[in-house]
Structures are given as C-alpha cells and as structure tokens.
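What follows is a set of notes on a single structure, which appears directly below.
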Amino acid sequence: IHSEVFTDAEEASVIVAHEIAALIRYKTEKNEKCVLGLATGSSPIKVYKELIRLHKEEGLSFRNVVSFNLDEYYGLAKEDVQSYIYFMHHHLFDHVDILPENINIPDGKAPFEFMSEACTQYEEKIESYGGLDFQLLGIGRTGHIGFNEPGSKINSTTRMITLDHLTIQDNAFAFDSMADVPTKAVTMGVGTILKAKRVVILAWGMKKAEIVKKTVEGEMSSNVPATFLQEHSDVSFVMDESASQQLT
Ligand code: F6R
C-alpha cells in the first residue's frame, strides 16, 4: 500500500478526481467503457465535487462511464434520503451526464429470498464489463472497506452482511436515532474489490489515524479487512496529515 499524505482533504481530493478524469478521457479516446467502483460516505464527497466541476467547466463527459457502487443499506430504497443510491444521485449522478442505464448499485430492496441471486448477478455484471478499472474506497473505523466488517474473508464476494456496532454508531448521524440505522447491508466483497485494476482509498481526520496505521503497517488479517489491500499491487492510500499521524 502506497501512502500519500496531503496537507488537507481538499487538495488531495482534487488530485484523486484528476486521476479519475484522466482515466475516463483515456478510455473514451480508445472507445472503451470506463468501469468505476464508487463509494459513499463523507470521504469521497470532495472528489465528486471536483468531478462535477470538471464536467461543467472542462467538458469531462461521463457518457462512457459504467459505475458500480460498493454497498447499500438493506431495506432502503432510492426515495430514502439515507440510502446510498440517493446519496450518489445527490452528490454526483444528477450533476453529470452519466447514462442512467450505466449506474449500478446493490439493490437494498431485493426480497430476502432473492438476495443471494441478486448478489451473484452483481458480480457477473462487473465481470461482463471486464472488471473494475478503478475502485474508490473510504475506510470505516472497524477496518471495513465497502461494508466488509471484521470477519470478512479475502476472497469474499457481493453478499448481505450485518453491520458492526461501531459502524452503526458512526453512521447514526444521518438517521433520527441509532435504532433507525439498518442493521444489515449488501456489499461487494473483499475479493470483488481486490480484482479492481487500481484502488484508491481515502482517509481524513484524526478519527481515522488508528485504523490507517493498522491497515498500512499491521499484520494482514480478517480482523481488519482493509489489511487485505496489502495483497494488491496498485493501491494508494490518500490521506490528510491528521489521518497519517500514527504512521511510523
Ligand atoms: C461507503 C462505504 C464505507 C465508507 C466508510 C467510511 O460506500 O463503503 O466503507 O467508505 O464507512 O465512511 P466515511 O467516509 O463517512 O468516514
């Protein structure tokens, strides 16, 4: 894992957005689809803001982009403001020219009995595009990437999981109370993420310093699923100074 420390999240996010934009332009020139794995949460918001600016002011087109989001809360639909599909429309999709048919997000409303089939289909759809060219990630304080909580295996695929208590606590701000946070979610697996050709993981602020250290310097273990990124040959861990504080 290659650590890259920036003064602040703003500066770092612009650089990450420019890498994504360059990839979109390169793929578009070659007449190929650009397959992006996208994340929600607070970490990628400034990256999306810069991508929107590049679209509006510098002609960056998303018509060739196919996106696959990492995860969705189980039980939430696009009308729910806390759902990740709502988030993605609000923070990116509604402001760029991505084609609606090229947007993919795990379906939080799939009936329980069809969930495993829906997850297999999600994996197959990613494969049908030749895999993810680029995966953007945040990191949870439990060491989750996507919603691969502690216990997740290195070769795990898209599936339904139970959210860790700490994750529910950290995400409760978006809901009326902790009791309203869904306890389950659908997430791409660690294995799905590791198959991406390039991975960029973001962390901002002191609250992430401890998990950043464990991820980069700790022993690889399913107790901290993000450590599995150590197996990947092209991962950049992009962080601000506060998040880098505990690195040796
Ligand atoms: C979001 C996701 C999660 C978040 C993580 C960090 O799609 O998969 O892994 O990236 O929980 O969240 P923030 O960025 O809000 O600190």
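Taking GLU32, is it in a loop (DSSP other than H, G, I, E, B) and loosely packed, with under 14 Cβ neighbours inside 10 Å? So GLU32 passes the test. Does segment 199-211 contain at least one residue that is touching a strand residue (DSSP E or B) at 6+ places or on another chain (Cβ under 9 Å) and closer than 18 Å to GLU127 by Cα? Yes - at least one qualifying residue is present in segment 199-211.
A quick yes/no check of all residues on (1) touching a helix residue (DSSP H, G or I) at 6+ places or on another chain (Cβ under 7 Å); (2) part of a loop (DSSP other than H, G, I, E, B):
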{"residue": "GLY143", "(1), (2)": "yes, yes"}
{"residue": "ASN148", "(1), (2)": "yes, yes"}
{"residue": "LYS153", "(1), (2)": "yes, yes"}
{"residue": "THR157", "(1), (2)": "yes, yes"}
{"residue": "MET160", "(1), (2)": "yes, no"}
{"residue": "GLN169", "(1), (2)": "yes, no"}
{"residue": "PHE173", "(1), (2)": "no, no"}
{"residue": "ALA179", "(1), (2)": "no, no"}
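Annotation: of all residues in segment 200-222 being near the ligand (Cβ under 10 Å from one of its atoms) and surrounded by fewer than 18 Cβ atoms within 10 Å (Cβ to Cβ), the one that is farthest from ARG141 (Cα to Cα) is GLY205. For segment 144-158, taking the residues that are crowded, with 22+ Cβ neighbours inside 10 Å and more than 10 Å from the ligand (Cβ to nearest atom), the one that is nearest to the chain's Cα centre (by Cα) is identified as THR158. Among all positions in segment 170-187, there is no residue which is of a type in the set (Gly, Ala, Ser), within 13 Å of the ligand (Cβ to nearest atom), crowded, with 23+ Cβ neighbours inside 10 Å and closer than 20 Å to GLY218 by Cα.
Say whether the condition of being more than 26 Å from THR248 (Cα to Cα) and acidic (Asp, Glu) is met by at least one residue in segment 159-171. Within segment 159-171, one or more residues are more than 26 Å from THR248 (Cα to Cα) and acidic (Asp, Glu).
Since every read-out is calculated from the coordinates, none of them should be taken as a lab result. Keep in mind that this is a model prediction, so the values were computed, not measured. Glycine also receives a Cβ, built like all others from the backbone with ideal geometry; neighbour counts cover every protein chain displayed.
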